[in-house]
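No lab work stands behind these numbers, since they all come straight from the coordinates. Please read all numbers here as calculations on a predicted model, not as lab measurements. As a convention, Cβ positions derive from the backbone with ideal geometry for all residues, glycine included, and neighbour counts pool all protein chains shown.
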Ligand code: 13P
Ligand code: SF4
């Protein structure tokens, strides 16, 4: 054990020098499943049982027989796991790991806004709070939104990502009533700098997450969820890609497609905003503490949980045929 105390503050105590070994030992003792999103630090991804996109992580958490889930992602992802598995202890390394989309759509405001659109089906992106999920008819993720919306007639309210909404409207040739939220990471990619990069690497193609602005998406040869982008890099014949999503995904891309040239898309000059500050709050040290203390644990009051679960269950039912992408993680 080392003597240093955690800068995480209140959760203190001796921190083992070999954190990886200590986490794996605690994982076994707790009989825990470690889930990680692709935007986590590479050392966190490497310790996870499964690394995936939002839909895959929701499914894995629900299907796991383990009594404890250590969810290395942001709050809404861990909260979704708890909503689906109330009997499990779901811990997250840092409870403050939020999301600009979820934070920009508070449930009371959303409830007021929805009153203007009676008779609409409320379709919400999974990047939202349990309160917003409880006000929604169905939840979607970036990998399931198109499949689900094809099954839902107009009129539709779509929240809270206006860029994903615009991309879906274009794909489906439809118009939705849209809550005007954005992701702080994906909205800041610079079209100018991406075009400069593509000009400097004429063999490279742009691939992008649908949370990016339309000015970026229109230059992309492929648009998809994190898992879909990863799969595309592996299966495409193309040798080089500029990747417009959070840079954490490059870790799995490099592992899964070692021969390919992968370039992180640049944000505006001088900022490192292609890194999600929320996702990066989780560290190995905090994961160790979460498994050691079984804290911070997600709690969702039962009445809210049951209302939120309906819309998530509907997503899972409507996407039962979509296959998981078996890339990344330890299993
Ligand atoms: P995915 O579902 O594509 O992993 O997206 C989650 C997310 O937060 C993207 O910013
Ligand atoms: Fe939220 Fe954007 Fe971070 Fe994804 S990348 S978790 S949408 S802030």
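Brief remarks on what is shown
- Where labels lie 7 Å past Cα in the beta-carbon direction, separation of residue 238 and residue 191 in nm: 1.9 nm
- Here, the range 188-278 yields an orientationally averaged convex hull projection of 5.5 nm² when only Cα atoms define the hull.
- Annotation: the range 24-105 has a Kirkwood hydrodynamic radius of 12.7 angstrom, from the mean reciprocal C-alpha pair distance.
- Among 94, 46, 154, 237, sorting on how many other beta-carbon atoms sit within 10 Å of each Cβ, with the fewest leading, yields 237, 154, 46, 94.
- On the basis of the beta-carbon distance and an R0 of 41 Å, residue 170 and residue 87 show a calculated FRET efficiency of 0.50.
- Likely footprinting exposure, 144, 54, 295, fewest C-beta neighbours within 10 Å first: 295, 144, 54
- Contact order relative to length of the range 155-291, as percent, for alpha carbon pairs under 8 angstrom and 6 or more apart: 22 percent
- Evaluated over the range 160-234, the Cα radius of gyration and Dmax, each in Å: 12.9, 39
- According to the Cα-based calculation, Rg over Rh for the range 61-124 is 1.09, with Rh computed by the Kirkwood formula.
- Size descriptor, Kirkwood hydrodynamic radius, that averages inverse alpha-carbon separations across the range 1-147, Å: 16.9 Å
- For the chain, the relative contact order comes to 24 percent (Cα pairs under 8 Å, sequence separation of at least 6).
- Over the range 38-156, relative contact order from alpha-carbon pairs under 8 Å, at least 6 apart, %: 20 percent
- Order of 229, 195 under a 10 Å beta carbon neighbour criterion, fewest first: 195, 229
- Alpha carbon convex hull of the range 132-268, volume per residue in cubic angstrom: 114 Å³
- Across all directions, the average projected area of the convex hull around the alpha carbons of the chain is 17.2 nm².
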